[in-house]
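A short worksheet on the structure shown next.
The values are calculated or read from the model by the stated rules, or taken from the named source; none is laboratory data. On a predicted model such as this, the values are computed, not experimentally measured, just so you know. Here the Cβ is made from the backbone with ideal geometry for all residues, glycine too, and neighbour counts use every protein chain on show. Keep in mind that these areas ignore ligands, DNA and RNA; they rest on the heavy atoms of the full protein, side chains included. Shrake-Rupley method; radii C 1.70, N 1.55, O 1.52, S 1.80 Å.
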Amino acid sequence: MTRRDVMIGATAALAAGGAQAQEVVLDPKGRIRPQALKAALDALAALTPEEIPVRDRIAVADMGRHSSERRLAIVDLKTGDVQWFRCSHGVGSDPDHSGWMQKFSNVEGSLATPDGAFRVGAVYEGANGPSKYLHGLTAENANAYKREIVFHKADYAADAVVEEQGKLGRSHGCFVVGPEHHAAAMDALAEGSLLFSWKG
């Protein structure tokens, strides 16, 4: 997949959402794995505007990358710009704490992160401060809301943890960023937009 393919994919995604189609080069620096970006764009195109009403941005959680890397990309489909964040996965997804996602799960009590397409929900005040609900839209993540799989901050996802341990700490299945990046991520992760979790 080339950057040209990604540009065409962005055009199709915007058109599918009723926006004026225009050619945009997404991630011009080429930091997102192209197959991850294509999978997210394909998911957006397959979902209706009722399911995903905000269609000018997407979040791609590329769980095929090590947790020490920036692997949560929030992409502006109008400009192509990308914001990058480190993001934790669940204990049940990485039992040996290697930093690598081993498995996804939709099962309650698994403490694993689910995959697939999520609609970003409303902000609420949780145990970890301001957080956002996530609503699973596919069979792979249909239990996400019931399992309280959300987007939040935690100290174990801070950059300093990577410097000390070479990997992030693990969540109970949630998508978690460090406190120092939380405000920017919350602002970029728009309610009603798509968060796509993928490993490849």
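Things to note:
- Centre-to-centre separation between the Cα atoms of the range 128-200 and those of the range 53-71: 10 Å.
- Electrostatic dipole magnitude of the chain [Cβ: Lys, Arg +1; Asp, Glu -1; Cα centre; debye, to 20]: 380 debye
- On the basis of the beta-carbon distance and an R0 of 35 Å, GLN165 and GLU50 show a calculated FRET efficiency of 0.25.
- Nearest-10 value in Å² for the accessible area of ARG33, using the 1.4 Å probe: 60 Å²
- If you count Lys pairs in the chain whose Cα atoms are under 28 Å apart, skipping same-chain pairs closer than 8 places in sequence, the total is 27.
- Under conditions of 37 °C and 0.692 mPa s, the range 95-145 yields 269 µm² s⁻¹ as its translational diffusion coefficient, taking Rh as the Kirkwood radius over Cα pairs in the Stokes-Einstein equation.
- Axial C-alpha extent at least 30 Å, average Kyte-Doolittle at least 1.6 - helices from the chain (DSSP): none
- For the chain, the relative contact order is 23 percent, taking Cα pairs closer than 8 Å that sit 6 or more residues apart in sequence and dividing their mean separation by the residue count.
- Ordering of 71-79, 158-166 by packing is 71-79, 158-166, highest average first (other Cβ atoms within 10 Å, averaged per residue).
- Largest first, the three principal axis extents of the alpha carbons in the chain are 43, 33, 28 Å in whole numbers.
- On the range 40-104, 48 percent of the accessible area sits on carbon and sulfur atoms, based on a 1.4 Å probe.
- The residue among THR113, LEU194, LEU41 whose Cα reaches farthest toward the positive pole of the charge dipole of the chain, with charges on the beta-carbon of Lys, Arg, Asp and Glu, is LEU41.
- The base-10 log of I(q)/I(0) for the range 120-200, evaluated at q = 0.17, 0.19 Å⁻¹, reads -0.70, -0.86 [Debye formula, identical scatterers on Cα atoms, solvent excluded].
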